[in-house]
Amino acid sequence: MAIPTEHRIVLTCGENRYLEAGDGPALLLLHGMGVATSANSHDLLIPHLATRFRVLAPDLLGFGLGIRQVEAGPTFELILDQLREFMDRLGLAQTHVVGHSFGGWLGGLLAYQSPQRVRRLVMLSSAGLNREPAAGVGAKLQPSRNQLRDLVRGWLHEPDRLSDTALEQVVDGLYAAAAAPGAGSSLDPLLAQMQWPAVRERYMLHRRLPYITVPTLMLWGEHDPLDPYPTWSAQFDALAGDMHRSGKPWAPPGARFGKLPCGHHPQWELPQQTADLSSEFLLDS
């Protein structure tokens, strides 16, 4: 399997770190929210995707091992502009986008604002639909490796799916990001946008979804506790997988849907299956 290489690029807001692996159509891989989150949150998924794509996984602005302290940011606006500038600097007029959790939220916003830049979109356990912030999203603790191991196991529906080697790889990435200088307060401006109800509402996906024309796959774990996934999982079979007809029909027109037997982190619990379902959709001509 392809081993990702680390690169650095200086963008308007500062130095951006990203991982790259594979050859083929470009795929922008976006990570989720949290002080310990980074491009390395996809370490288990990248090798499977890299057999079919040129995978580019950036540390989002204010996250990971790139610039953590950003003047007047990070914010939704600055991160989305970071992604567009990142594509411009790499000469990518258009790319597939796969985003997990907060990354799926960003992918939806990017597809709404700049549809010409997104070839196809996979929203993996996407946030931006849950009207209340996820519990613990603003945690600022710098946990020990043992605490991180316990956290990761607690996030998984079936912790035994993760081998000891894979668990340590996940923990290494989380620990490095959480220990980066400035990490403790780096996300404060973004958290303010996400946690203040009136401001959060400005960025929610619901009003934008009917106008997203980019082909989209909404993929989630059937044991994910975040809205709308408990409702979708309960109704999936009765609706033959068409969640446009569900009690919470929160999806772009024409979107496809798929669920996996896991929790909120398919990229850790079932990376091969996640890559296969995503790739099948992205490469469907």
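The values are calculated or read from the model by the stated rules, or taken from the named source; none is laboratory data. No experiment lies behind these values; they were computed from the predicted model shown. So basically every Cβ, Gly included, is an ideal-geometry build from the backbone, and we count neighbours across all protein chains shown. With ligands, DNA and RNA removed, areas are computed over all heavy atoms of the protein, side chains included. Shrake-Rupley method; radii C 1.70, N 1.55, O 1.52, S 1.80 Å.
Points worth noting:
- Residue tally, condition without any contact (Cβ under 8 Å) to a residue 60 or more places away in the chain, outside any loop (DSSP other than H, G, I, E, B) and open to solvent by less than 50 Å² (accessible area, probe 1.4 Å), over region 227-236: 3
- Residue list for region 1-45, restricted to those being buried (at least 21 other Cβ atoms within 10 Å of the Cβ), of a type in the set (S, T, N, Q) and in a loop (DSSP other than H, G, I, E, B): Thr37, Ser38
- Taking region 183-205 as the range and being among the hydroxyl-bearing types (Ser, Thr, Tyr) and either modelled with pLDDT under 95 or within 20 Å of Val35 (Cα to Cα) (or both) as the test, the residues that pass are Ser185, Ser186.
- A single entry from Arg207, Arg202 fulfils the requirement of being outside any helix (DSSP H, G or I), surrounded by fewer than 16 Cβ atoms within 10 Å (Cβ to Cβ) and of a type in the set (D, E, K, R): Arg207.
- In region 250-285, the qualifying residues are those that are open to solvent by less than 10 Å² (accessible area, probe 1.4 Å) and among the polar types (S, T, N, Q), and the one that is farthest from Gly128 (Cα to Cα) is Ser279.
- Candidate set from region 66-123 (those that are β-branched (Val, Ile, Thr) and modelled with pLDDT under 95); member that is most open to solvent (accessible area, probe 1.4 Å): Ile67
- Any hit, region 49-57, residues being modelled with pLDDT of 95 or more, of a type in the set (S, T, N, Q), out of contact with any His (no Cβ under 8 Å at 6 or more places or on another chain) and surrounded by 21 or more Cβ atoms within 10 Å (Cβ to Cβ): no
Residues checked against (1) among the polar types (S, T, N, Q); (2) in a loop (DSSP other than H, G, I, E, B); (3) within 16 Å of the chain's Cα centre (by Cα):
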{"residue": "Ala238", "(1), (2), (3)": "no, yes, no"}
{"residue": "Trp250", "(1), (2), (3)": "no, yes, no"}
{"residue": "Gly254", "(1), (2), (3)": "no, yes, no"}
{"residue": "Gly258", "(1), (2), (3)": "no, no, no"}
{"residue": "Gly263", "(1), (2), (3)": "no, yes, yes"}
{"residue": "Gln267", "(1), (2), (3)": "yes, no, yes"}
{"residue": "Gln273", "(1), (2), (3)": "yes, no, no"}
{"residue": "Ser278", "(1), (2), (3)": "yes, no, yes"}
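- Residue count for region 46-65 under the criterion of being of a type in the set (Val, Ile, Thr) and assigned to a loop (DSSP other than H, G, I, E, B): the result is 1.
- Selection status of Glu222, at pLDDT below 95, among the charged types (D, E, K, R) and out of contact with any Asp or Glu (no Cβ under 9 Å at 6 or more places or on another chain): no
- Selection of region 114-133 for residues being of a type outside the set (Val, Ile, Thr) and either in contact with a Ser or Thr (Cβ under 8 Å, 6 or more places away or on another chain) or over 24 Å from Gly34 (Cα atoms) (or both) yields Ser114, Pro115, Gln116, Arg117, Arg119, Arg120, Leu121, Met123, Leu124, Ser125, Ser126, Ala127.
- Boolean, Leu239 is among the hydrophobic types (A, V, I, L, M, F, W, C) and surrounded by fewer than 18 Cβ atoms within 10 Å (Cβ to Cβ): yes
- Filter result for Arg208 (of a type in the set (Lys, Arg), modelled with pLDDT of 95 or more and touching a strand residue (DSSP E or B) at 6+ places or on another chain (Cβ under 7 Å)): no
- Among (1) out of contact with any helix residue (DSSP H, G or I) (no Cβ under 9 Å at 6 or more places or on another chain); (2) surrounded by fewer than 21 Cβ atoms within 10 Å (Cβ to Cβ) - the single one Gly247 does not satisfy: (1)
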